[in-house]
Amino acid sequence: MNKFDIIIRPIITEKSMGLMEENKYTFEVDRKSNKLEIKEAVEEIFKVKVEEVHTMNMQGKLKRQGMTKGRRPAWKKAIVKLTDDSDAIDFFEGIQ
């Protein structure tokens, strides 16, 4: 599996922005990937050193429109903690 297929997108919320101060970054990742693959992908893509990875499976929310019910797809979230000597990941570079 390609490293860019493992990391789908960064998750930018108020809570994840607070975690960035502690060198923790949140990503949506492929549901089949494990912690070791996520660690290697983040290190290769962003050129940083990863200390630990926490993953969680997120269930899709129940949605309805009128009488019709459905679910959003389930997804996997990873919180990656960087080592103290590695550089920060800058998601907003190039935005003016």
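The values are calculated or read from the model by the stated rules, or taken from the named source; none is laboratory data. These numbers were taken from a predicted model, which means no experiment stands behind them. No Cβ is skipped: glycine too gets one built from the backbone with ideal geometry, and neighbour counts run over all protein chains shown. These accessible areas exclude ligands, DNA and RNA; they are computed on the full protein's heavy atoms, side chains included. Shrake-Rupley method; radii C 1.70, N 1.55, O 1.52, S 1.80 Å.
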**OP:** Could you run the Karplus curve 6.51 cos²θ - 1.76 cosθ + 1.60 with θ = phi - 60° over region 57-72 and give me ³J(HN,Hα) per residue in whole Hz, x for Gly and Pro?
**Re:** 8, 9, 7, x, 6, 7, 10, 9, 9, x, 8, 7, 10, x, 10, 6
Original post:
Given a 1.4 Å probe and every protein chain left where it sits, what share in percent of the accessible area of the chain is carbon and sulfur?
Top reply: 48 percent
Original post:
When only the heavy atoms of the protein chains count and the probe is 1.4 Å, how do Arg9, Arg64, Arg31 rank by accessible area, highest first?
Top reply: Arg64, Arg31, Arg9
**OP:** May I ask you to order 41-54, 72-85, 12-25 by the average number of other C-beta atoms within 10 Å around their residues, highest value first?
**Re:** 41-54, 72-85, 12-25
Original post:
Shape of region 1-63 from its Cα gyration tensor (a ≥ b ≥ c, root eigenvalues): rounded if a/c is under 1.5, otherwise prolate when a/b > b/c, or oblate?
Top reply: oblate
Subject >> Cα-based helix-to-principal-axis angle, 35-46 vs the chain, degrees rounded to 10 >> reply: 60 degrees
**OP:** Holding the Cα-Cα limit at 20 Å, pick out from Lys35/Lys81; Lys24/Lys61; Lys15/Lys69; Lys15/Lys49; Lys39/Lys81 the pairs that are longer than that.
**Re:** Lys24/Lys61; Lys15/Lys69; Lys15/Lys49
**OP:** Normalising by the residue count of the chain, find the relative contact order in percent from Cα pairs under 8 Å and 6+ residues apart.
**Re:** 30 percent
Original post:
How about Lys32: which lysines have a C-alpha closer than 19 Å to its C-alpha, ignoring those fewer than 8 places off in the same chain?
Top reply: Lys3, Lys76, Lys77
**OP:** Counting helices only, and only those DSSP H runs with n ≥ 4, report the 222 nm mean residue ellipticity of the chain as the sum of -39,500 (n - 2.57) divided by its residues, in deg cm²/dmol to the nearest 500.
**Re:** -6500 deg cm²/dmol
